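The values are calculated or read from the model by the stated rules, or taken from the named source; none is laboratory data. Quick caveat, the model's predicted, so the values are computed rather than measured. In this analysis, Cβ positions are derived from the backbone assuming ideal geometry, glycine residues included, and neighbour counts consider all displayed protein chains. For the accessible areas, the whole protein counts, side chains as well, though only heavy atoms, and no ligand, DNA or RNA atoms are used. Shrake-Rupley method; radii C 1.70, N 1.55, O 1.52, S 1.80 Å.
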Amino acid sequence: MLLIGSHVSFRSSDQLVGSVKEAISYGSNSFMFYTGAPQNTKRCKIDYDLTVEARNILYENNIELKNIIVHAPYIINLANNEKEENYRFAINFLKEEIRRVEMFGVEKLVLHPGSYVNLDLDTGINNVINALNEVINPNQDVKICLETMAGKGSEICFNINHIKRIIDGVKYNDKIMVCLDTCHLNDAGYNMEMFDDFLNEFDKLIGIDKIGCVHVNDSKNPIGSHKDRHENIGYGTIGFDNLINIIYNERLCNVPKILETPYVSFNDKERILPPYKFEIDMIKDKKFNDDLYEDIRNYYKRSK
Ligand code: FE
Ligand code: FE
Ligand code: ZN
């Protein structure tokens, strides 16, 4: 079965209930959320009653908890320890985040491995290994999914060998999985037209069973650009057919596919509209919609 969804919002007022309802409105059977704002570490207390209510809605809609993903905030940087205080903060935040993820009953937490900044690649990788060895508890149910990155600035893990090195260095590495991001892979230099070759290489090095999540995004930039700017499905340099091949790849059929494509502006930024319902329709139909932007604007105009 196709497991498809998108990034959805999480508000402190209705928490997971709001996220689930948003995902259902897009026709998703999987989704990803941040436990607060993606760009900061302010987090509210998880409300037990709202979590129970959300789980009931999931159950009624045949969405399985194991197909829900949490994304850690992207300012958490485990690769740089120049400021001991920030490195400690990141480690402690991640420990707390794992507790929150467990409270929801979610099993996968996507993490950007980090950027070494003024250090060097090897030091960055070692910092991540040391941090994860401190964070991971052998009894936790949550798997940390290290995301493949574009290699923007001093980001690590734009090469799957970096991920392999982290996995090899982590003691309880049964708690580590990988999140493939198609935009990041393209920007890192992996050819998404030859995705099966990439999977073969990944399987030899790390193992396909380690893939816990796929972020399906088109890219605004050419292969190898190290930029990391996402584009709507079929509107970028990877292209619709290549993304469909990845989404429907038999070897990844049990892995949730999550869209993190850009919102669409409307009336000169008067409203910014989510594209996910329409992109998910295209994916389900396996048919490219070259009127995507018009359809999105018309739909939200009518529903206003
Ligand atoms: Fe990410
Ligand atoms: Fe991503
Ligand atoms: Zn990205």
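Are any of the residues in region 231-241 assigned to a loop (DSSP other than H, G, I, E, B) and over 21 Å from Lys286 (Cβ atoms)? For region 231-241, residues assigned to a loop (DSSP other than H, G, I, E, B) and over 21 Å from Lys286 (Cβ atoms): absent.
Just one of the numbered conditions (1) open to solvent by 20 Å² or more (accessible area, probe 1.4 Å); (2) of a type in the set (S, T, N, Q); (3) more than 28 Å from Asn127 (Cα to Cα) is not true of Thr51: (1). I want to confirm something. Restricting to region 246-264 and keeping residues that are within 16 Å of ligand 1 (Cβ to nearest atom) and among the β-branched types (Val, Ile, Thr), which single residue is surrounded by the most Cβ atoms within 10 Å (Cβ to Cβ)? Taking the candidates together, the pick is Ile258. Any residue in region 61-79 that is more than 16 Å from ligand 3 (Cβ to nearest atom), under 18 Å from Ile167 (Cα atoms) and either modelled with pLDDT of 95 or more or hydroxyl-bearing (Ser, Thr, Tyr) (or both)? Yes, region 61-79 contains at least one residue that is more than 16 Å from ligand 3 (Cβ to nearest atom), under 18 Å from Ile167 (Cα atoms) and either modelled with pLDDT of 95 or more or hydroxyl-bearing (Ser, Thr, Tyr) (or both). Checked against the criterion of being closer than 19 Å to Cys183 by Cβ, open to solvent by less than 30 Å² (accessible area, probe 1.4 Å) and among the small types (Gly, Ala, Ser), the candidates Gly224, Gly236 yield just one match: Gly236. The conditions of being closer than 22 Å to Gly212 by Cβ, surrounded by 20 or more Cβ atoms within 10 Å (Cβ to Cβ) and out of contact with any Pro (no Cβ under 9 Å at 6 or more places or on another chain) are not met by Ile68.
If we keep just the residues of region 32-63 that are assigned to a loop (DSSP other than H, G, I, E, B) and without any contact (Cβ under 8 Å) to a residue 12 or more places away in the chain, which is farthest from ligand 1 (Cβ to nearest atom)? Looking at the filtered set, the residue picked out is Lys45. Of the listed requirements (1) within 19 Å of the chain's Cα centre (by Cα); (2) away from ligand 3 (no atom under 16 Å from the Cβ); (3) not acidic (Asp, Glu), Asn56 misses just one: (1). Condition test on Asn249, is it more than 16 Å from ligand 2 (Cβ to nearest atom), polar (S, T, N, Q) and in contact (Cβ under 8 Å) with a residue 24 or more places away in the chain? In short, yes. Being in contact with a Pro (Cβ under 9 Å, 6 or more places away or on another chain), within 30 Å of Asp174 (Cβ to Cβ) and small (Gly, Ala, Ser) is a property that does not hold for Gly207. Look at region 252-265: where a residue is modelled with pLDDT of 95 or more and a partner is among the basic types (Lys, Arg) and open to solvent by 50 Å² or more (accessible area, probe 1.4 Å), sitting 6+ places away or on another chain with Cβ atoms under 9 Å, you get Pro256/Lys66; Pro262/Lys220; Pro262/Arg229. Of the residues making up region 64-112, those that are outside any helix (DSSP H, G or I) and touching a helix residue (DSSP H, G or I) at 6+ places or on another chain (Cβ under 7 Å) number 12. Could you look through region 89-122, keep only residues that are without any contact (Cβ under 8 Å) to a residue 12 or more places away in the chain and within 21 Å of Cys157 (Cα to Cα), and pick out the one that is surrounded by the fewest Cβ atoms within 10 Å (Cβ to Cβ)? The extreme case among them is Asp120.
Given the options Tyr190, Tyr172, name the one that is of a type in the set (Ser, Thr, Tyr) and closer than 22 Å to Ser225 by Cα. Answer to the selection: Tyr190. Pairing each residue of region 184-208 that is of a type in the set (Ser, Thr, Tyr) and within 14 Å of ligand 3 (Cβ to nearest atom) with any residue that is open to solvent by less than 10 Å² (accessible area, probe 1.4 Å) and not in a helix (DSSP H, G or I), provided the two are 6+ apart or on different chains, yields no C-beta distance under 7 Å. Residues in region 172-220 that are open to solvent by less than 70 Å² (accessible area, probe 1.4 Å), of a type in the set (A, V, I, L, M) and either within 15 Å of ligand 1 (Cβ to nearest atom) or part of a helix (DSSP H, G or I) (or both): Met177, Val178, Leu180, Leu185, Ala188, Met192, Leu199, Leu205, Ile208, Ile211, Val214, Val216.
Restricting attention to region 136-153, the residues that are more than 15 Å from ligand 1 (Cβ to nearest atom) and touching an Asp or Glu at 6+ places or on another chain (Cβ under 9 Å) total 5.
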